[in-house]
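Scroll down for the structure; my scribbles are underneath it.
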Amino acid sequence: MTLASGKSLIAPYLELTKPRIISLVVVTSALGFFLGSQGIHSWSRFLYLLLGVTLTCGGSSALNHYLEREFDAKMLRTRHRPVPAGIIPPAHALNFGIILTLVGVFILYVKVNILTAFLSLLTAFLYIMVYTPMKRVSWLNTTIGAFPGAIPPLGGWAAATGHLNFSAGILFLILFLWQHPHFYSIAWILKDDYKRAGFKMLPTIEPDGKRTFAQIVMFSWLLLLVSLVPTIIGLSGGIYAVGAAVAGMALCWAGQRLTLTKSVADARNLLRATVLYLPLLFVAIVLDIYF
C-alpha cells in the first residue's frame with residue numbers, strides 16, 4: 001500500500017491519537033478538577049489542563065501504535081491501523097508521538113503547574129514503558145495498566161488545587177477499580193484476536209473465563225462501595241450519591257449477567273455500562289456542585 005499524503009493523512013494521524021481514550025482522559029481530568037475546586041474558578045487553567053492532557057494522551061497513544069505495530073498487524077481488529085497498514089511510516093508515528101507528548105507536558109508545566117505536568121508525564125511513561133510491554137508478559141497487565149489509567153483525575157485535582165490529598169486518592173481508586181470490568185469485558189470480546197497477537201490477557205490464558213468473571217464481579221462491587229466514599233467524607237452530596245449508586249448498580253448487574261451467560265453480547269453490554277459510567281458520574285458531580 002502506498003503512503004498517503006496531504007489532507008488524506010489527517011484522519012490516519014488522528015487515529016494514531018486514539019480519540020476514544022482521549023475522551024476518557026479528558027472526562028476524568030475534568031472530574032478531578034471539578035471536585036478539587038468545587039466548580040470552575042479559572043477557565044483558562046481548566047482549558048489549558050484539557051489541552052495539555054489531550055496532547056500528552058494523544059502522543060502516548062501514537063507511541064503505543066509505534067511499539068505495537070507488529071502485533072497490531074496480526075489482529076483482525078487492528079491490522080488496518082495506519083502503521084501496520086503502511087499508511088504512516090513507523091518513524092513518522094514515533095516522531096509524532098514524541099512531539100505531542102512533550103508539547104502537552106510543556107503546556108501543563110508552563111500554564112498549569114509542575115505537579116500536573118509531572119503526573120501527565122508519569123502517566124505517559126507508565127503506559128508506554130510498563131503497560132505496553134507487560135501485555136506480552138503477564139495477564140496482570142490489566143491491573144498494572146490501571147495505575148496510569150487512574151492518574152488523570154489526580155492531574156485534574158492538582159491543576160485545581162496545586163496539591164494532592166486523601167480525597168484525590170479516592171478519585172484515583174475509583175478510576176483504578178473501574179478499569180477492571182471495562183478492560184476485562186474488552187478482553188473477553190476480543191480474546192481470540194488477542195491470542196492471535198500473543199497478548200497475555202486473562203481470557204486468552206484461561207479460556208473458560210472463570211477468573212475473568214470473578215475479577216469483573218469483585219471489582220464492580222468494590223467500585224460501587226468506593227464510589228460512595230466522596231459523599232461519606234463530605235466531598236460531594238446527595239445528588240452525586242444517588243448517581244453513583246445507580247450507575248454502580250447497573251454496572252454490577254451487567255457484570256453478574258455476563259458471569260451467568262458468558263456471552264459476547266453480554267460482554268458488550270457490560271462494556272457499554274462501563275463507558276456510560278464515567279460520564280454519568282461527571283454529570284452527577286456537576287449537578288451536585290451547582291444545584
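With the charge dipole of the stretch 136-270 set up from +1 on Lys and Arg Cβ and -1 on Asp and Glu Cβ about the Cα centre, the Cα lying farthest toward the positive end among the listed residues 246, 155, 184 is that of 184. Dipole size of the chain about its Cα centre, with +1 on Lys/Arg Cβ and -1 on Asp/Glu Cβ: approximately 580 debye, rounded to the nearest 20.
Counting alpha carbon pairs within less than 8 Å and at least 6 residues apart, what relative contact order, in whole percent, applies to the stretch 40-128? Don't skip to the end; give the middle numbers.
Details: 100 pairs, mean separation 35.6, N = 89.
Relative CO of the stretch 40-128 lands at 40 percent.
Applying 1/(1 + (r/R0)^6) with r as the Cβ-Cβ distance of residue 144 and residue 118 and R0 = 22 angstrom yields a FRET efficiency of 0.65. What base-10 log of the normalised intensity I(q)/I(0) is obtained for the chain from the Debye formula, alpha carbons as equal point scatterers, at q = 0.07, 0.08 Å⁻¹? For the chain, the Cα-only Debye profile gives -0.26, -0.35.
Shape class of the stretch 65-191 from the Cα gyration tensor (axes a ≥ b ≥ c, square roots of the eigenvalues): oblate, since a/c reaches 1.5 or more and a/b does not exceed b/c.
May I ask you to compute the full-extension gain from residue 249 to residue 163, defined as 0.36 nm times their residue separation minus their alpha-carbon distance, rounded to one decimal in nm? Provide the component values of the computation, followed by the final result.
On the way: separation 86, 0.36 × 86 = 30.96 nm, distance 3.21 nm.
Length difference between fully extended and current span is 27.8 nm.
For the chain, the residue among 37, 256, 12 whose Cα projects farthest onto the positive side of the dipole built from Cβ charges is 12. Only alpha carbons enter this Debye calculation for the stretch 166-291, each as an equal point scatterer, and the log10 of I(q)/I(0) it gives at q = 0.12 Å⁻¹ is -0.46.
In nm, what is the difference between 0.36 nm times the number of residues separating residue 9 and residue 276 and their Cα-Cα distance?
On the way: separation 267, 0.36 × 267 = 96.12 nm, distance 3.10 nm.
Going from the current span to full extension adds 93.0 nm.
Give me the percent relative contact order of the stretch 166-291, please, defined on Cα pairs under 8 angstrom at least 6 residues apart. Intermediate results must be reported in sequence, preceding the final value.
Numbers: 140 pairs, mean separation 38.3, N = 126.
Once normalised by length, the contact order is 30 percent.
Taking each full run of DSSP H in the chain as one helix, which ones are at least 20 Å long along their axis (Cα atoms) and have mean Kyte-Doolittle hydropathy of at least -0.5?
Values: long enough: 19-37 (27 Å, 1.60); 43-67 (36 Å, 0.73); 90-111 (31 Å, 1.61); 166-189 (35 Å, 1.31); 210-227 (26 Å, 1.24); 238-261 (34 Å, 1.10); 264-290 (40 Å, 1.41).
Result, helices passing both filters: 19-37, 43-67, 90-111, 166-189, 210-227, 238-261, 264-290.
A short reminder: the numbers here are calculations on the coordinates, not readings from a lab. Note that this is a predicted model, so its numbers are computed, not measured. As a convention, Cβ positions derive from the backbone with ideal geometry for all residues, glycine included, and neighbour counts pool all protein chains shown.
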